[in-house]
């Protein structure tokens with residue numbers, strides 16, 4: 001089992017996105033800190049994945065396309081755009097993937113590849129937020145569009161809808177760049 005951290009938007013959204021992927025066995029929601037100057041905790045998730053089913057490049061691309069990866073908006077201190085790596089080999093692989101993916105985006109990607117330092121888990125009542133609350137307005141307005149995008153763009157990597165939630169998804173296909 002491999003793991004990597006991702007931050008960039010609301011951890012409720014990020015958790016739901018990665019829980020929806022085949023090959024992702026576990027998603028831990030909370031806050032991650034890196035090394036200075038990125039040592040303040042920022043909302044993020046730890047993604048445990050099976051390389052035989054999904055590779056790091058796909059995970060990184062899903063991350064880039066489901067949050068505002070090209071914008072240094074006003075909420076970046078709370079929502080740092082980053083992939084948190086656990087060793088030098090993973091860092092090199094992530095940097096190479098990020099460089100290749102940059103050509104598919106119109107603007108420079110602001111997502112950083114940072115070393116993982118520490119993790120603080122969210123309170124239990126916030127864990128599996130989308131799975132437990134799919135009909136809440138936040139989920140319908142912010143998470144459903146990201147999951148619709150994931151299914152359209154990464155369909156072969158997406159788990160069947162019923163394994164993510166028993167509720168049908170909204171197919172608006174837009175994402176909120178602030179979250």
Out of 108, 115, which single residue is in contact with a strand residue (DSSP E or B) (Cβ under 9 Å, 6 or more places away or on another chain) and in contact (Cβ under 8 Å) with a residue 12 or more places away in the chain?
115
The helices (runs of 4 or more DSSP H) lying wholly within region 76-156 that contain at least 3 residues that are within 17 Å of residue 14 (Cα to Cα) are 129-132, 144-153
Over region 64-93, the set of residues closer than 17 Å to residue 115 by Cβ and out of contact with any helix residue (DSSP H, G or I) (no Cβ under 6 Å at 6 or more places or on another chain) is 80, 81, 82, 84, 86, 87, 88, 89, 90, 91, 92
How many residues are touching a residue at least 24 places away in the same chain (Cβ under 8 Å) and in a loop (DSSP other than H, G, I, E, B) when one looks only at region 8-58?
17
Which of the residues belonging to region 157-179 are modelled with pLDDT of 50 or more, farther than 20 Å from residue 29 by Cα and assigned to a loop (DSSP other than H, G, I, E, B)?
160
Before we move on, is residue 67 at pLDDT below 95, buried (at least 23 other Cβ atoms within 10 Å of the Cβ) and either part of a loop (DSSP other than H, G, I, E, B) or touching a strand residue (DSSP E or B) at 6+ places or on another chain (Cβ under 9 Å) (or both)?
yes
Hits in region 134-155 (condition: buried (at least 18 other Cβ atoms within 10 Å of the Cβ) and over 27 Å from residue 57 (Cβ atoms))
134, 139
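The values are calculated or read from the model by the stated rules, or taken from the named source; none is laboratory data. Everything numeric in this text was worked out from a predicted model, so none of it was measured. With ideal geometry, Cβ positions are generated from the backbone for all residues, glycine too; neighbour counts draw on all protein chains shown.
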